[in-house]
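The values are calculated or read from the model by the stated rules, or taken from the named source; none is laboratory data. Keep in mind that this is a model prediction, so the values were computed, not measured. Positions of Cβ are backbone-derived with ideal geometry, glycine not excepted, and every protein chain shown enters the neighbour counts.
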Amino acid sequence: MQWRTFLIAVLTVWPFLHRAQEATNDTLFPPPLGPRYLEDQLFFQFSYITLKNLYPGIVQQGFSNSVSFGFIRDVPVNSRRNVGFGIGLGYERNVYYQNLRIKVDEGTGEVSFEILDPARYRLNAFGMKRLIVPVEFRVRGSTPKKFKFWRLYAGVTFGYTLGAFSDYDNGRVWIRYRNLNRLPSKYQYGVHIYGGYAELNAYIYAGLNDLFSPDVKVNGEHVPLQDLRFGVMLTFL
(Lines give C-alpha, C1' and ligand atoms only; values in the text may rest on other atoms or scores of the structure.)
Protein backbone atom coordinates (compact mmCIF):
# COMPACT_ATOMS: atom_id res chain seq x y z
CA MET A 1 0.00 0.00 0.00
CA GLN A 2 1.12 3.54 -0.77
CA TRP A 3 0.93 4.76 2.84
CA ARG A 4 3.12 1.90 4.02
CA THR A 5 5.69 2.72 1.35
CA PHE A 6 5.67 6.36 2.44
CA LEU A 7 6.07 5.45 6.14
CA ILE A 8 9.04 3.20 5.35
CA ALA A 9 10.62 6.03 3.35
CA VAL A 10 10.18 8.51 6.22
CA LEU A 11 11.71 6.11 8.75
CA THR A 12 14.61 5.42 6.38
CA VAL A 13 15.56 9.05 5.78
CA TRP A 14 14.93 10.24 9.36
CA PRO A 15 18.50 9.54 10.63
CA PHE A 16 19.94 11.50 7.70
CA LEU A 17 17.56 14.43 8.33
CA HIS A 18 18.60 14.44 12.00
CA ARG A 19 22.30 14.67 11.05
CA ALA A 20 21.47 17.46 8.59
CA GLN A 21 19.63 19.32 11.35
CA GLU A 22 22.67 19.10 13.65
CA ALA A 23 24.89 20.43 10.89
CA THR A 24 22.48 23.29 10.18
CA ASN A 25 22.33 24.18 13.88
CA ASP A 26 26.14 24.55 13.89
CA THR A 27 26.32 26.81 10.83
CA LEU A 28 23.08 28.73 10.25
CA PHE A 29 23.18 30.88 13.40
CA PRO A 30 26.69 30.69 14.90
CA PRO A 31 27.37 32.51 18.19
CA PRO A 32 26.72 35.24 19.19
CA LEU A 33 23.55 35.42 17.02
CA GLY A 34 21.62 33.08 19.24
CA PRO A 35 20.92 29.50 20.38
CA ARG A 36 21.09 26.82 17.72
CA TYR A 37 17.97 24.71 17.40
CA LEU A 38 15.17 23.85 14.95
CA GLU A 39 11.64 22.55 15.31
CA ASP A 40 11.73 19.97 12.56
CA GLN A 41 8.79 17.70 13.28
CA LEU A 42 6.85 14.58 12.43
CA PHE A 43 3.12 15.24 12.36
CA PHE A 44 -0.09 13.22 12.55
CA GLN A 45 -3.44 14.86 11.78
CA PHE A 46 -7.01 13.59 12.19
CA SER A 47 -10.04 15.71 11.26
CA TYR A 48 -13.78 15.66 10.78
CA ILE A 49 -14.79 16.89 7.30
CA THR A 50 -17.84 19.01 6.61
CA LEU A 51 -18.72 19.39 2.92
CA LYS A 52 -19.34 22.77 1.29
CA ASN A 53 -21.06 23.98 -1.91
CA LEU A 54 -23.03 20.78 -2.37
CA TYR A 55 -24.99 20.14 -5.55
CA PRO A 56 -28.80 20.28 -5.02
CA GLY A 57 -30.01 16.92 -3.68
CA ILE A 58 -26.62 15.83 -2.35
CA VAL A 59 -26.36 15.58 1.43
CA GLN A 60 -23.54 14.63 3.76
CA GLN A 61 -23.95 11.53 5.91
CA GLY A 62 -21.72 9.65 8.32
CA PHE A 63 -18.37 10.67 9.73
CA SER A 64 -16.39 12.07 6.80
CA ASN A 65 -12.77 12.18 7.90
CA SER A 66 -9.20 13.05 6.98
CA VAL A 67 -6.00 11.38 8.20
CA SER A 68 -2.50 12.54 7.28
CA PHE A 69 1.07 12.17 8.47
CA GLY A 70 4.49 13.35 7.35
CA PHE A 71 7.52 15.51 8.08
CA ILE A 72 7.97 19.32 8.18
CA ARG A 73 11.35 21.03 7.94
CA ASP A 74 11.81 24.16 10.07
CA VAL A 75 13.41 27.32 8.58
CA PRO A 76 13.87 30.01 11.27
CA VAL A 77 14.32 33.64 10.20
CA ASN A 78 15.34 35.39 13.44
CA SER A 79 18.20 34.93 15.88
CA ARG A 80 15.94 33.66 18.67
CA ARG A 81 14.61 31.09 16.16
CA ASN A 82 11.02 31.31 17.33
CA VAL A 83 9.73 32.82 14.05
CA GLY A 84 10.16 31.17 10.69
CA PHE A 85 8.75 29.07 7.92
CA GLY A 86 8.11 25.37 7.46
CA ILE A 87 7.92 23.17 4.38
CA GLY A 88 6.93 19.53 4.51
CA LEU A 89 5.95 16.36 2.73
CA GLY A 90 3.20 13.94 3.75
CA TYR A 91 0.51 11.44 2.85
CA GLU A 92 -3.23 12.05 3.27
CA ARG A 93 -6.34 9.88 3.01
CA ASN A 94 -9.81 11.49 2.95
CA VAL A 95 -13.19 9.73 2.97
CA TYR A 96 -16.41 11.63 2.17
CA TYR A 97 -19.72 10.05 3.19
CA GLN A 98 -22.59 11.42 1.08
CA ASN A 99 -25.34 10.23 -1.25
CA LEU A 100 -23.72 10.58 -4.69
CA ARG A 101 -23.21 6.99 -5.82
CA ILE A 102 -20.41 6.28 -8.28
CA LYS A 103 -20.88 3.20 -10.48
CA VAL A 104 -18.56 1.59 -13.01
CA ASP A 105 -19.84 -0.58 -15.88
CA GLU A 106 -17.74 -3.77 -15.74
CA GLY A 107 -17.99 -4.26 -19.49
CA THR A 108 -17.22 -0.79 -20.82
CA GLY A 109 -15.53 0.82 -17.82
CA GLU A 110 -17.90 3.77 -18.13
CA VAL A 111 -18.47 5.70 -14.90
CA SER A 112 -21.95 6.97 -14.00
CA PHE A 113 -23.34 8.96 -11.09
CA GLU A 114 -26.66 8.79 -9.23
CA ILE A 115 -28.08 10.79 -6.34
CA LEU A 116 -29.44 8.24 -3.85
CA ASP A 117 -32.31 8.32 -1.40
CA PRO A 118 -30.46 8.29 1.97
CA ALA A 119 -33.04 5.87 3.41
CA ARG A 120 -32.27 3.14 0.85
CA TYR A 121 -28.66 2.23 1.67
CA ARG A 122 -26.34 1.72 4.62
CA LEU A 123 -23.16 3.36 3.38
CA ASN A 124 -21.99 5.37 0.42
CA ALA A 125 -18.57 7.01 0.32
CA PHE A 126 -15.95 8.47 -1.96
CA GLY A 127 -12.30 8.44 -0.90
CA MET A 128 -9.05 9.84 -2.21
CA LYS A 129 -5.36 9.55 -1.38
CA ARG A 130 -2.99 12.47 -1.82
CA LEU A 131 0.62 13.47 -1.57
CA ILE A 132 0.65 16.75 0.36
CA VAL A 133 3.14 19.61 0.68
CA PRO A 134 2.38 22.00 3.60
CA VAL A 135 4.07 25.42 3.49
CA GLU A 136 3.55 27.58 6.58
CA PHE A 137 4.55 30.64 8.60
CA ARG A 138 5.45 29.76 12.20
CA VAL A 139 5.45 31.63 15.53
CA ARG A 140 6.19 29.82 18.80
CA GLY A 141 7.31 30.31 22.38
CA SER A 142 10.31 27.99 22.18
CA THR A 143 13.81 28.17 23.65
CA PRO A 144 16.79 25.79 23.29
CA LYS A 145 15.92 24.06 26.59
CA LYS A 146 12.13 24.33 26.51
CA PHE A 147 10.57 21.28 24.90
CA LYS A 148 6.96 22.18 25.74
CA PHE A 149 5.77 25.52 24.38
CA TRP A 150 2.84 27.19 22.59
CA ARG A 151 2.77 27.49 18.80
CA LEU A 152 0.63 29.08 16.09
CA TYR A 153 1.34 27.95 12.52
CA ALA A 154 -0.62 28.90 9.38
CA GLY A 155 -0.11 28.37 5.67
CA VAL A 156 -1.14 26.55 2.50
CA THR A 157 -1.36 22.81 1.83
CA PHE A 158 -0.82 21.69 -1.76
CA GLY A 159 -2.06 18.23 -2.74
CA TYR A 160 -1.43 15.83 -5.63
CA THR A 161 -3.95 13.01 -6.08
CA LEU A 162 -2.48 9.51 -5.94
CA GLY A 163 -5.70 7.49 -6.12
CA ALA A 164 -9.44 7.39 -5.52
CA PHE A 165 -12.13 4.82 -4.71
CA SER A 166 -15.84 4.52 -3.90
CA ASP A 167 -17.76 2.26 -1.48
CA TYR A 168 -21.43 1.28 -1.55
CA ASP A 169 -23.36 -0.97 0.86
CA ASN A 170 -27.13 -1.45 0.69
CA GLY A 171 -27.33 -4.22 3.31
CA ARG A 172 -27.31 -7.01 0.73
CA VAL A 173 -24.15 -6.29 -1.24
CA TRP A 174 -20.98 -4.30 -0.60
CA ILE A 175 -19.12 -2.89 -3.61
CA ARG A 176 -15.81 -1.06 -3.85
CA TYR A 177 -14.60 0.51 -7.08
CA ARG A 178 -10.88 1.28 -7.20
CA ASN A 179 -8.68 3.27 -9.56
CA LEU A 180 -11.14 6.15 -9.97
CA ASN A 181 -8.18 8.47 -10.37
CA ARG A 182 -9.72 10.72 -13.02
CA LEU A 183 -12.66 11.71 -10.79
CA PRO A 184 -10.89 13.95 -8.24
CA SER A 185 -9.02 17.07 -9.31
CA LYS A 186 -5.39 16.11 -9.84
CA TYR A 187 -4.09 19.18 -8.02
CA GLN A 188 -5.78 20.51 -4.88
CA TYR A 189 -4.96 23.22 -2.38
CA GLY A 190 -6.30 24.90 0.72
CA VAL A 191 -5.34 27.01 3.73
CA HIS A 192 -4.62 25.56 7.16
CA ILE A 193 -3.98 26.84 10.67
CA TYR A 194 -3.11 24.96 13.84
CA GLY A 195 -2.04 25.97 17.29
CA GLY A 196 -1.63 24.54 20.74
CA TYR A 197 0.81 23.55 23.45
CA ALA A 198 3.41 20.78 23.47
CA GLU A 199 2.41 17.96 21.10
CA LEU A 200 -1.36 18.68 20.96
CA ASN A 201 -2.79 21.26 18.54
CA ALA A 202 -6.22 22.25 17.28
CA TYR A 203 -6.33 22.10 13.46
CA ILE A 204 -8.50 23.75 10.78
CA TYR A 205 -8.26 23.34 6.99
CA ALA A 206 -10.40 24.99 4.28
CA GLY A 207 -10.20 23.67 0.72
CA LEU A 208 -10.06 26.41 -1.91
CA ASN A 209 -10.62 24.51 -5.16
CA ASP A 210 -13.04 21.86 -6.39
CA LEU A 211 -12.34 18.32 -5.20
CA PHE A 212 -14.11 16.79 -8.21
CA SER A 213 -12.85 16.97 -11.80
CA PRO A 214 -15.17 18.17 -14.63
CA ASP A 215 -15.93 14.48 -15.38
CA VAL A 216 -18.24 14.25 -12.35
CA LYS A 217 -21.69 15.22 -13.65
CA VAL A 218 -25.35 14.64 -12.82
CA ASN A 219 -27.94 15.41 -15.52
CA GLY A 220 -25.18 16.97 -17.60
CA GLU A 221 -24.13 19.41 -14.86
CA HIS A 222 -20.85 19.36 -13.00
CA VAL A 223 -21.11 18.40 -9.32
CA PRO A 224 -18.94 20.69 -7.16
CA LEU A 225 -17.45 19.64 -3.84
CA GLN A 226 -15.25 21.42 -1.30
CA ASP A 227 -14.26 20.52 2.24
CA LEU A 228 -13.78 22.21 5.59
CA ARG A 229 -12.00 20.23 8.32
CA PHE A 230 -11.78 20.50 12.10
CA GLY A 231 -9.51 18.25 14.08
CA VAL A 232 -6.25 17.72 15.93
CA MET A 233 -2.63 17.86 14.86
CA LEU A 234 -0.02 15.97 16.86
CA THR A 235 3.56 17.19 16.38
CA PHE A 236 6.66 15.32 17.51
CA LEU A 237 10.18 16.74 17.56
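In this structure, is Val104 among the aliphatic types (A, V, I, L, M) and surrounded by 13 or more Cβ atoms within 10 Å (Cβ to Cβ)? Spelling it out, Val104 is indeed among the aliphatic types (A, V, I, L, M) and surrounded by 13 or more Cβ atoms within 10 Å (Cβ to Cβ). Considering (1) aromatic (Phe, Trp, Tyr); (2) closer than 24 Å to Val223 by Cα; (3) surrounded by fewer than 14 Cβ atoms within 10 Å (Cβ to Cβ), say which one Tyr189 fails and leave the rest. Result: Tyr189 passes all but (3). Could you please find all residues in the stretch 179-204 being without any contact (Cβ under 8 Å) to a residue 60 or more places away in the chain and among the hydrophobic types (A, V, I, L, M, F, W, C)? Matches in the stretch 179-204: Val191, Ile193, Ala198, Leu200, Ala202, Ile204.
Taking the stretch 204-216 as the range and being loosely packed, with under 15 Cβ neighbours inside 10 Å and part of a strand (DSSP E or B) as the test, only Ala206 passes. The residues of the stretch 139-165 that are touching a residue at least 60 places away in the same chain (Cβ under 8 Å), surrounded by 14 or more Cβ atoms within 10 Å (Cβ to Cβ) and of a type in the set (A, V, I, L, M, F, W, C) amount to a single one, Leu162.
Per-residue answers, yes or no, for (1) out of contact with any Gly (no Cβ under 6 Å at 6 or more places or on another chain); (2) of a type in the set (Gly, Ala, Ser):
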| position | (1), (2) |
| --- | --- |
| Ser68 | no, yes |
| Gly88 | no, yes |
| Glu92 | yes, no |
| Met128 | yes, no |
| Lys145 | yes, no |
| Ala154 | yes, yes |
| Tyr177 | yes, no |
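The residues of the stretch 218-231 that are surrounded by 15 or more Cβ atoms within 10 Å (Cβ to Cβ) and not in a loop (DSSP other than H, G, I, E, B), listed by number, are Val218, Gln226, Asp227, Leu228, Arg229, Gly231. Inspect all residues belonging to the stretch 218-228 and state whether any of them is under 26 Å from Gly57 (Cα atoms), under 12 Å from the mean Cα position of the chain (by Cα) and at pLDDT 90 or above. Yes, the conditions are met somewhere in the stretch 218-228. Of all residues in the stretch 111-138, those that are in contact with a Lys or Arg (Cβ under 9 Å, 6 or more places away or on another chain) and surrounded by fewer than 14 Cβ atoms within 10 Å (Cβ to Cβ) total 2.
Going by the structure shown, is Asn99 in contact with a helix residue (DSSP H, G or I) (Cβ under 6 Å, 6 or more places away or on another chain) and buried (at least 16 other Cβ atoms within 10 Å of the Cβ)?
Yes, satisfied.
In the condition set (1) within 21 Å of the chain's Cα centre (by Cα); (2) of a type in the set (D, E, K, R); (3) part of a loop (DSSP other than H, G, I, E, B), Arg138 is compliant with all but (3).
Please specify each residue of the stretch 164-203 satisfying the condition of being of a type in the set (Val, Ile, Thr), part of a strand (DSSP E or B) and under 30 Å from Val104 (Cα atoms).
The answer is Ile175, and nothing else.
For Leu183, the criteria (1) closer than 22 Å to Ile49 by Cβ; (2) touching a Lys or Arg at 6+ places or on another chain (Cβ under 7 Å); (3) surrounded by 15 or more Cβ atoms within 10 Å (Cβ to Cβ) hold in every case but one, which is (2).
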